[in-house]
Amino acid sequence: MLYVDTSALLPFYRKESASETVEVLFLSHEQHLLISELVRVEFASALSRWVRMGELTEPQAYRAESAFHEDVSESRYRLARPNAKMFERAMHWLLTRRTSLNTLDALHLACAEASEAVLLTQDEALLDAANFFGIAARSVHQ
């Protein structure tokens, strides 16, 4: 199973350099893709930021938002809900001070680990941290 972080999910809903690769990967994956509640919040944040920065129009953001919500409601994704154990695990990794993990990436990593899923990301720092902590991960570009 693949746990898809926000950086790997966004190109499926907005044209980016990785969009073709992500689309092929998502459509060819036989099992459900796993996302977390964090992805839903970060997706909303990205749309808001892109509209504010003029990278998307309001109608474009609405179409992406609608498509994502439809995919979630139609169970295209399994939804992982971060729990206290995942927060503890994320905090432990952050307190090692050995990687450049930020809070949300540490939680994504904990969700992937707890779900026994391979983390899919475009974020090189997150990929490096996953490798450092021995969590199965791959880049969208692999």
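Things to note:
- Candidates ARG98, ARG63 - the one that is at pLDDT 95 or above and under 24 Å from TYR13 (Cα atoms): ARG63
- The residue that is surrounded by the most Cβ atoms within 10 Å (Cβ to Cβ), counting only those in the range 1-24 that are charged (D, E, K, R) and over 18 Å from SER75 (Cα atoms), is ARG14.
- For the range 1-24, filtering for residues that are outside any helix (DSSP H, G or I) and under 21 Å from SER115 (Cα atoms) leaves 5.
- Enumeration of residues in the range 25-51 that are of a type in the set (A, V, I, L, M), free of Cβ contacts under 8 Å to residues at least 24 places away in the same chain and either part of a loop (DSSP other than H, G, I, E, B) or buried (at least 19 other Cβ atoms within 10 Å of the Cβ) (or both): LEU47
- Residue check, SER139 under 14 Å from the mean Cα position of the chain (by Cα), farther than 18 Å from ALA44 by Cα and surrounded by fewer than 19 Cβ atoms within 10 Å (Cβ to Cβ): yes
- Test for LEU120: is it closer than 22 Å to THR21 by Cα and not in a helix (DSSP H, G or I): yes
- Any hit, the range 84-104, residues being in contact with a Cys (Cβ under 7 Å, 6 or more places away or on another chain) and surrounded by 21 or more Cβ atoms within 10 Å (Cβ to Cβ): yes
The values are calculated or read from the model by the stated rules, or taken from the named source; none is laboratory data. Every value quoted in this text rests on a predicted model; they were computed, and no experiment measured them. Please note: Cβ atoms are built from the backbone with ideal geometry, for glycine as well, and neighbour counts cover all protein chains shown.
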